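Peer 1: Have a look at the structure that comes next, please.
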Amino acid sequence: MPLPLPLSLRGSRGLVLIELKRADRLTAKDLATRLDVSLNAVRNHLKELEAEGLVEYERQNQGVGAPAFAYRLSQVGEALFPRRYEATLTELLDYVVAREGRATAVAVLEARYDALSRRLQQELAGATPAQRMAAVTQLLSEEGYMAEGTTFADTGTLIEHNCAIQAVAQRFPEICAAEARFLAAALGAEVDRQGHILSGCSACEYRVRFGPGNASGAGETRSEESV
């Protein structure tokens, strides 16, 4: 499934930003290869994006020859990507915390994932692992998470290139555990988180193991913190 372009950019410059979002850091040569365009074209795009404050770079010493420059999104560039009602949701949760306490706010977040997992379990009853993965990644992408999923027999990988509620997750990290439980239930699989945006990774990445014991939709979760 192709990832959506940032709302304010279209064409080649938007594709450059998408690739940087996928990979965190890339050289101009890397980008030219990925986009199948000339190196000069990529350099021109990067120069424009840097001037607009959307990308930044760091020097990479390669030992022999001229140093390479690895580009990544700046904070301004990151802000181009979807945020799902982030500010409003944070304000509402702060209100709940003030009135009812933190536990109630966390319960509200967890209840939404529980409802989503029940819905998908009903819709995907009898579905194959590939069908489950496709449905879950489509739902996540519609929510702004820029998700990609792959399946190989009884295993798979699910990657979220964007956190649509990152500010909320920073305030309420419990939501990340709720997401992992949702994925395990919806996919009917064991889910092991390998990368975490809140821990500084460029994406949230999950390793998925389908199996006969998970076929009914009940899954298990693990995260990199417990490995």
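Read-outs throughout are calculated quantities, based only on the coordinates presented, and are distinct from any laboratory measurement. Treat the numbers as computed from the prediction; the structure is a model and nothing was measured. With ideal geometry, Cβ positions are generated from the backbone for all residues, glycine too; neighbour counts draw on all protein chains shown.
Peer 1: Read through the labelled values (i) 139; (ii) 150; (iii) 125 and report the label of the one computed as volume of the Cα convex hull per residue in Å³ from the structure.
Peer 2: Recomputing volume of the Cα convex hull per residue in Å³ here gives the entry labelled (ii).
Peer 1: Here is a further query. What is the dipole size for the chain, taken about its Cα centre, with +1 at each Lys and Arg Cβ and -1 at each Asp and Glu Cβ, in debye to the nearest 20?
Peer 2: 320 debye
Peer 1: Place a +1 charge on the Cβ of each Lys and Arg in the stretch 70-165 and a -1 charge on the Cβ of each Asp and Glu, then give the dipole magnitude about the Cα centre in debye, rounded to the nearest 20.
Peer 2: 60 debye
Peer 1: Right, here's the next one. Just the number, please: percent antiparallel of the DSSP beta bridges in the chain, rounded to the nearest 5.
Peer 2: Approximately 90 percent, going by the DSSP bridge assignments.
Peer 1: Given the -39500 (n - 2.57) contribution per DSSP H run of 4+ residues, what per-residue ellipticity at 222 nm results for the chain, rounded to the nearest 500 deg cm²/dmol?
Peer 2: Result for the chain, helices only: -15000 deg cm²/dmol.
Peer 1: A follow-up question, please. Subtracting the Cα-Cα distance from 0.36 nm times the residue separation, let me have the gained length for ASN61 to ARG102 in nm, one decimal.
Peer 2: Result: 10.0 nm gained on full extension.
Peer 1: May I ask for the angle, rounded to the nearest 10°, between helix 86-100 and the longest principal axis of the chain, with both axes built from Cα atoms and the value confined to 0 to 90°?
Peer 2: Between the helix axis and the principal axis of the chain, the angle is about 40 degrees.
Peer 1: Could you let me know the centre-to-centre spacing of the stretch 132-147 and the stretch 24-42, using Cα atoms, in angstrom?
Peer 2: For the stretch 132-147 versus the stretch 24-42, the Cα centre distance is 27 Å.
Peer 1: Between ALA147 and residues 5 or more places away or on another chain, which pairs have amide H atoms under 5 Å apart, with H built 1.01 Å from N, and which residues are they?
Peer 2: Counting only residues 5 or more places away or on other chains, the set is SER141, HIS161.
Peer 1: Full-extension gain between ALA134 and THR155, please, as 0.36 nm times their residue separation minus the C-alpha to C-alpha distance.
Peer 2: Full extension of this stretch gives 6.2 nm more.
Peer 1: Build a GNM of the chain with springs between Cα atoms under 10 Å: which of ALA164, ALA32, ALA178 gets the top mean-square fluctuation?
Peer 2: With Cα springs under 10 Å in the chain, the top fluctuation among ALA164, ALA32, ALA178 is at ALA32.
Peer 1: Work out how much length ASN44 to GLN194 would gain on full extension: take 0.36 nm times their residue separation and subtract the Cα-Cα distance, in nm to one decimal.
Peer 2: Stretched out fully, the ASN44 to GLN194 stretch lengthens by 50.5 nm.
Peer 1: Follow-up. Taking 7 Å along the Cα-to-C-beta vector as the label spot, tell me the ASP24-GLN122 distance in nanometres, rounded to one decimal.
Peer 2: Inter-label distance under the simple model: 4.0 nm.
Peer 1: Tilt of helix 174-187 relative to the longest C-alpha principal axis of the chain, in degrees (0 to 90, nearest 10)?
Peer 2: The answer is roughly 80 degrees.
Peer 1: Let me ask something additional. In degrees, nearest 10, range 0 to 90: what is the angle between the Cα axis of helix 39-51 and the longest Cα principal axis of the chain?
Peer 2: Between the helix axis and the principal axis of the chain, the angle is about 70 degrees.
Peer 1: Could you work out the per residue convex hull volume over the alpha carbons of the stretch 131-198, in cubic angstrom?
Peer 2: Spelled out: Cα convex hull of the stretch 131-198, divided by residues, is 77 Å³.
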